[in-house]
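Participant: One structure coming up, written as structure tokens, with questions to follow.
The values are calculated or read from the model by the stated rules, or taken from the named source; none is laboratory data. Since the structure is predicted, the reported quantities are computational estimates derived from the model, not experimental observations. Glycine gets a Cβ as well: all are built from the backbone with ideal geometry, and neighbour counts include every protein chain shown. With ligands, DNA and RNA removed, areas are computed over all heavy atoms of the protein, side chains included. Shrake-Rupley method; radii C 1.70, N 1.55, O 1.52, S 1.80 Å.
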Amino acid sequence: MKKIAVLTSGGDAPGMNAAVRAVIRTATSLDVDVVGVSYGYQGLIEGDFVDFTTSSASNIIQRGGTILKSARSEEFRTKEGREKAYHHMQKKGLDGLIAIGGDGTFTGASIFATEFGVPVVGVPATIDNDLAGTDDTIGYDSALNTAMQAIDKIRDTADAHDRLFLVEVMGRDAGFIALETGISIGAELILLPESLLDVDDIRASLKGILREQKRSSLVIVAEGDETGGALKLAEKLKDDFNQYEMRVTILGHIQRGGSPTARDRVLASRLGSEAVKAIVDGHTSVMVGIVNKRTQLTPLKSAVAKKKDINYELVELAIILR
Ligand code: F6P
């Protein structure tokens, strides 16, 4: 393994830059050249490479976003697109690829590795934390802290007006952000795609909670909750709660930006470094992760296909503490 490529793909996550830095520095220490790919797989298809210099890894560990840019490439979903990508990899003399991203990134990586025999190692980075094979993904802790700080501010104004707020947090298919943010801000109710509460259940729970003398109430709604999100839920609840001034806040992409937390920087540093070691050691089609404080490799296919369970002890805890 003489020369490898690194790319970031899918939704960006705080800590992606720290992972890129770790890839560059670890590869350099092992005498392996690293080439950056701009705009994820789309950049690979177009041969959009960045030749890293010794200073490329400097001063990026603290930066949000990704210096390599990111994209969700439709073309990489096609055989023709992947053929172009392979062609550019060969032309550039690349022996392997480190793909930093989430489930879409790994699905593409796995197909690409199988089709063309290219060694590929994945580094899990998504605020959603919805990948099996790692306790946390890069960006998750930063997103939690961003959401918590924003919602603490909402609590102040909710309290000042005795209002009921429905606050929607990200998480397309998973409730990890909603659950841990909800506990950290002392939410009265947390709605997750995994918990399968219908509108009648929600209405009943909320009535019970409001009867218990709560004046301001915060309901955290995961974007992927089956009620359809906070706006739709507010529409369904408005007639039953018209004595409360109900308000909706959608936190949105604020959760994806900002400087990574210390935890995310350390996680990204470990995983970026492990990914290089894994590819140099001949591993392919695997994702690096940390489970119970130890690094481990998981086949890319399992990381995506095996749904990671939310922690039901935390669900119980949220109910007791509300
Ligand atoms: O996968 C990360 C994520 O932030 C999801 O939580 C969210 O549903 C999605 O990306 C939003 O994607 P986009 O930025 O393309 O709108």
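Participant: Magnitude of the Cβ-charge dipole of the chain, K/R +1 and D/E -1, about the Cα centre, nearest 20 debye?
Facilitator: 800
Participant: Students often forget the sequence filter, so: which lysines lie under 19 Å Cα-Cα from LYS79 once same-chain residues fewer than 8 apart are removed?
Facilitator: LYS91, LYS301
Participant: Shape call for region 141-257 from the C-alpha gyration tensor, a ≥ b ≥ c root eigenvalues: rounded (a/c under 1.5), prolate (a/b greater than b/c) or oblate?
Facilitator: oblate
Participant: Taking amide H atoms as placed 1.01 Å from N in the peptide plane, list the residues 5 or more away in sequence, or in a different chain, whose amide H sits under 5 Å from that of GLY47.
Facilitator: It is none; the list stays empty.
Participant: Could you run the Karplus curve 6.51 cos²θ - 1.76 cosθ + 1.60 with θ = phi - 60° over region 102-107 and give me ³J(HN,Hα) per residue in whole Hz, x for Gly and Pro?
Facilitator: In residue order, the calculated couplings are x, 4, x, 4, 6, 4 Hz.
Participant: Same structure, new question: Top to bottom by accessible area (1.4 Å), largest first, where do SER285, SER142 land?
Facilitator: Final ranking, largest accessible area leading: SER285, SER142.
Participant: Separate question: Pull out the extension gain between SER58 and LYS306, defined as 0.36 nm times the separation in residues minus the alpha carbon to alpha carbon distance; nm, one decimal.
Facilitator: Answer, rounded to one decimal: 85.7 nm.
Participant: Taking the DSSP beta bridges in region 1-91 as the whole, what percent of them are antiparallel, to the nearest 5?
Facilitator: Just about 40 percent of them are antiparallel.
Participant: Taking amide H positions as placed 1.01 Å from N in the peptide plane, with prolines and chain starts having none, which residues 5 or more places from GLY175, or on another chain, fall under 5 Å of its amide H?
Facilitator: Long-range HN contacts for GLY175: GLU194.
Participant: Now a separate question. Of PRO14, GLY139, GLY96, which is farthest on the positive side of the dipole of the chain, counting Cα position, with +1 on Lys and Arg Cβ, -1 on Asp and Glu Cβ, and the Cα centre as origin?
Facilitator: It is GLY96.
Participant: Filter LYS3/LYS69; LYS84/LYS308; LYS2/LYS84; LYS153/LYS236 down to the pairs with a C-alpha to C-alpha distance above 28 Å, please. If you can, show how the numbers build up before the last one.
Facilitator: Values: LYS3/LYS69 21 Å; LYS84/LYS308 33 Å; LYS2/LYS84 22 Å; LYS153/LYS236 26 Å.
Pairs exceeding 28 Å: LYS84/LYS308.
Participant: Loop-only trypsin sites (Lys or Arg not before Pro) in region 215-286, please: DSSP not H, G, I, E or B, and at most 11 other Cβ atoms within 10 Å.
Facilitator: LYS238
Participant: In what order, largest first, do LEU191, LEU251 sit by accessible area if the probe radius is 1.4 Å? Present the calculation step by step, with values, prior to reporting the outcome.
Facilitator: Working: LEU191 0, LEU251 25 Å².
The most accessible residue leads, giving LEU251, LEU191.
Participant: So in the chain, what percent of DSSP beta bridges are antiparallel if you round to the nearest 5?
Facilitator: That works out to approximately 20 percent antiparallel.
Participant: Show that you can apply the helix-only estimate: for the chain, add -39,500 (n - 2.57) for every DSSP H stretch of four or more residues, divide by all residues, and state [θ] at 222 nm to the nearest 500.
Facilitator: -13000 deg cm²/dmol
Participant: Rounded to the nearest whole Å², what accessible area per residue is found for the chain with the 1.4 Å probe?
Facilitator: 45
Participant: Under 5 Å between amide H atoms, partner at least 5 residues away or on a different chain: which partners does ARG247 have, H built in plane at 1.01 Å?
Facilitator: Amide H neighbours of ARG247: LEU164, PHE165, LEU166.
Participant: Provide the per-residue ³J(HN,Hα) series for region 27-40, in order, calculated from phi with Karplus coefficients 6.51, -1.76, 1.60 and θ = phi - 60°, each as a whole number of Hz, with x at glycine and proline positions.
Facilitator: Using θ = phi - 60°, the values come out as 4, 4, 5, 9, 6, 10, 7, 10, 10, x, 10, 7, 6, x Hz.
Participant: Additional query: What's the magnitude of the charge dipole for region 84-143 around its Cα centre, counting Lys and Arg as +1 and Asp and Glu as -1 at the beta-carbon? Answer in Debye, nearest 20.
Facilitator: Numbers: 3 positive and 8 negative charges, 116 e Å.
Rounded to the nearest 20 debye, it is 560 debye.
Participant: If contacts are Cα pairs under 8 angstrom and at least 6 residues apart, what is the relative contact order of region 60-125 in percent?
Facilitator: Once divided by the residue count of region 60-125, the mean separation gives 29 percent.
Participant: A follow-up question, please. Which percent of the accessible area of region 141-257 is formed by carbon and sulfur heavy atoms (probe 1.4 angstrom)?
Facilitator: On the way: 2460 of 5250 Å².
Heavy-atom surface of region 141-257 belonging to carbon and sulfur, 1.4 Å probe: 47 percent.
Participant: Considering only ILE190, VAL32, GLY108, whose Cα is most displaced toward the positive end of the charge dipole of the chain, charges sitting on Cβ of Lys, Arg (+1) and Asp, Glu (-1)?
Facilitator: Result: VAL32, furthest along the dipole toward the positive end.
Participant: Out of the trypsin sites (Lys or Arg not before Pro) in region 132-177, which ones are loop residues according to DSSP with at most 11 other C-beta atoms within 10 Å? Before the final figure, lay out the partial values.
Facilitator: Numbers: sites: LYS153, ARG155, ARG163, ARG172; in loops: ARG163, ARG172.
Nothing satisfies the criteria.
Participant: For the chain, what are the per-bin percents of Cα-Cα distances with bins 20 Å wide, up to the bin holding the maximum?
Facilitator: 33, 48, 18, 1
Participant: On to the next question. Rounded to whole Å and ordered largest first, report the semi-axes of the equivalent ellipsoid of region 1-139 derived from its Cα gyration tensor (root of 5λ). Intermediate values should be presented prior to the final figure.
Facilitator: Values: eigenvalues 83, 70, 35 Å².
Semi-axes, largest first: 20, 19, 13 Å.
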